[in-house]
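Below is one structure; the comments refer to it alone.
Nothing in this text is a laboratory measurement; each read-out follows from the coordinates by a stated rule. What you see is a predicted model, and the numbers here were worked out from it, not measured in a lab.
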């Protein structure tokens, strides 16, 4: 999609086709409906929350990818230093996807600007999708009107993956990149690296590059060699 309001490109891999949805099917279905403009307008969007590396940013970007120029992605952890003026005019989009809202929670200027944006979206029939590390009632927002407005959003807890699901998620991402990741190799990665999905995906990106250079498959011996070289760098 083109980002006309904010100077930001979406990650190429952040699409619904590369997101392993096991345990989060209702959330993915809701976001897909929002992207298509078919969701219940009374909900005015949703709030999704979960631990680090559970795919919240991926889902927001996938939503924006599917919705196209009707949407805008706003990562507040990145844009917080720029100040709340960046929110001006965003209500012209049907879908506003705000990531890391807790990064500006407690800041009076940001909270007033977010409350104004909420009201503008409601008046325009738009949708606000928020991602955070906590549920709405636990987010440290001080402005009562904003907290009340956000608490009305449907809430989804992004469920973390177990080890078998991590294997499936890695294989899905590999297929999306045109790679074959055998079961035994994927399980080897889980045992030899950090287990959060962000670290695993970063490692898969490195293996993809090295496999392309060496014209090798992702076998355990090849992966072992790449990991050993990384440890000596």
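What to note about this one:
- Counting DSSP beta bridges with both ends in the chain, the antiparallel % (nearest 5): 0
- Contact order, relative form, for the chain: 22 percent (alpha carbon pairs under 8 Å, 6 or more residues apart, mean separation divided by residue count).
- Alpha-carbon gyration tensor eigenvalues x 5, square-rooted, for the chain, Å: 36, 17, 17
- Volume per residue of the C-alpha convex hull in the range 54-108, rounded to whole Å³: 80
- Shape call, the range 163-232: gyration tensor on alpha carbons, a/c limit 1.5: oblate
- Helix 25-36 axis, angle to the chain major axis (alpha carbon atoms, nearest 10°): 60
- Working note: Debye formula, equal point scatterers on the alpha-carbon atoms of the range 145-190, no solvent; log10 I(q)/I(0) at q = 0.14, 0.30, 0.31 Å⁻¹ is -0.50, -1.05, -1.08.
- Calculated [θ] (222 nm, deg cm²/dmol) that DSSP helices of n ≥ 4 give over the chain, each run adding -39,500 (n - 2.57): -14500 deg cm²/dmol
- Between helix 108-124 and the chain: long-axis angle, C-alpha atoms, 0 to 90°, nearest 10: 80
- The angle between the Cα long axis of helix 183-192 and the longest principal axis of the Cα atoms of the chain comes to about 80 degrees, rounded to the nearest 10.
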